[in-house]
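The values are calculated or read from the model by the stated rules, or taken from the named source; none is laboratory data. Because the structure is predicted, anything quoted here is derived from the model rather than measured. When we count neighbours, we look across all protein chains shown, and the Cβ atoms used for this are built from the backbone with ideal geometry, even at glycine.
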Amino acid sequence: MSRDSFSDLLAFIAVARARSFTRAAAQLRVTQPALSYTIRALEERLGVSLLIRSARGVSPTEAGQRLLNRLAPEFDEIEAEIQSLAELRDEPMGTIRITAIDYAIRSTLWPKLATFLPKFPKIKVELINEYERVDIVARGYDAGVRFGQELAQDMISVQIGPDLRNMVVGSKSYFAARPRPETPGDLTEHVCINLRTSTYGGLYEWEFSKGKRRLNARVEGTVTFNNAYDIFEAAKAGFGLAYLPEEMVRSWVSRGQLISVLEDWCPVWPGFHLYYPNRRQPSRAMTLLVEALRYQP
């Protein structure tokens, strides 16, 4: 096979890892039809089917998985070596892709990146909002941000934010005709605003603890979102109770615009951590970024 085919193989690896032509095309900065053509041409040249296309997405065939397992680590090593050569230049450079939930991006990542990035104009950062626990290597990310207890194995983790907790809040108008819940069990009598996530396979169950008691509450309501900020707006508008980060709602509670309930049931969680593959030689750009994000109590 000629060296011209390396681009075809890289395209295959991107699709197989992303399990999606759409996501892979975005990563490679090509159109989806062009990427589909490239994969078909590669399959015809090799004489085997590499990918199974279905309504649920894309997955490797047996031959495709074998090719992925063999070639992907080799190309990763080549990319790492090329990146290490680039690090010999005076100015750090490169693109770092990070997956995180919206609240982590707005409250923790972006405030620090807004100061960091102007110092290093050749470092680029992509922030992808996802409520999903993903395999960052398979999906082509350089790092992820999650709560401390959700870190993946075989990863380096660095705390980038303080410990935090959620609060159950509702508007004054919501509580005008309703009693305040005294225990999580009382939430069955309330209208709540749900969060839909991919990680938890559906609606997020509100997590509570008091002493040694731990329980998750499935709540019901008329509206569901897949991000915290829309939930916040709906709660302020009186559409129900919300379970949101304390730092997001505390000033509204202090001013009396939102009412906090069940505070003695709301646990403190380990803060946000940045996690990334345990590589022997992280790029200089990644090293600088990690230090800029590191939490300093």
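The single condition among (1) in a loop (DSSP other than H, G, I, E, B); (2) under 20 Å from Asp142 (Cα atoms); (3) not aromatic (Phe, Trp, Tyr) that Ala14 does not meet is (1). Given the structure, is Leu68 surrounded by 16 or more Cβ atoms within 10 Å (Cβ to Cβ), hydrophobic (A, V, I, L, M, F, W, C) and within 22 Å of the chain's Cα centre (by Cα)? No. The residue list Arg29, Arg70, Arg40 contains one member that is at pLDDT 90 or above, more than 30 Å from Phe147 (Cβ to Cβ), out of contact with any helix residue (DSSP H, G or I) (no Cβ under 8 Å at 6 or more places or on another chain) and not assigned by TED's automatic domain parsing to the domain that holds Pro277, which is Arg40. Suppose we keep only residues that are under 17 Å from Ser107 (Cβ atoms) and touching a strand residue (DSSP E or B) at 6+ places or on another chain (Cβ under 8 Å) within region 275-297. Which one would you say is surrounded by the most Cβ atoms within 10 Å (Cβ to Cβ)? The extreme case among them is Leu293. A search for C-beta distances below 6 Å between a residue of region 21-33 that is in contact (Cβ under 8 Å) with a residue 60 or more places away in the chain and in a helix (DSSP H, G or I) and any residue that is surrounded by fewer than 18 Cβ atoms within 10 Å (Cβ to Cβ) and hydrophobic (A, V, I, L, M, F, W, C), counting only pairs 6+ apart in sequence or on different chains, returns nothing.
A search for C-beta distances below 6 Å between a residue of region 114-126 that is more than 20 Å from Ile136 (Cβ to Cβ) and any residue that is modelled with pLDDT of 95 or more, counting only pairs 6+ apart in sequence or on different chains, returns Phe116/Ala292. Residues Val253, Val249: which one is modelled with pLDDT of 95 or more, outside any strand (DSSP E or B), β-branched (Val, Ile, Thr) and surrounded by fewer than 20 Cβ atoms within 10 Å (Cβ to Cβ)? It is Val253. Filtered by the rule that a residue be among the β-branched types (Val, Ile, Thr), closer than 21 Å to Arg213 by Cα and under 28 Å from the mean Cα position of the chain (by Cα), region 248-281 gives a lone residue, Val268.
Within the set Leu164, Leu187, Leu241, the sole residue that is surrounded by 15 or more Cβ atoms within 10 Å (Cβ to Cβ), under 22 Å from Val145 (Cα atoms) and out of contact with any helix residue (DSSP H, G or I) (no Cβ under 6 Å at 6 or more places or on another chain) turns out to be Leu164. Of Ile98, Ile39, all but one fail to be outside any helix (DSSP H, G or I) and surrounded by 15 or more Cβ atoms within 10 Å (Cβ to Cβ); the exception is Ile98. Does Ala104 meet the test of being small (Gly, Ala, Ser) and touching a helix residue (DSSP H, G or I) at 6+ places or on another chain (Cβ under 9 Å)? Judged against the criteria, Ala104 is not a match.
Picking from residues in region 262-274 that are aliphatic (A, V, I, L, M) and crowded, with 19+ Cβ neighbours inside 10 Å, the one that is modelled with the lowest pLDDT is Leu274.
When region 178-229 is limited to residues that are small (Gly, Ala, Ser) and in contact (Cβ under 8 Å) with a residue 60 or more places away in the chain, the one that is nearest to Tyr243 (Cα to Cα) turns out to be Ala228.
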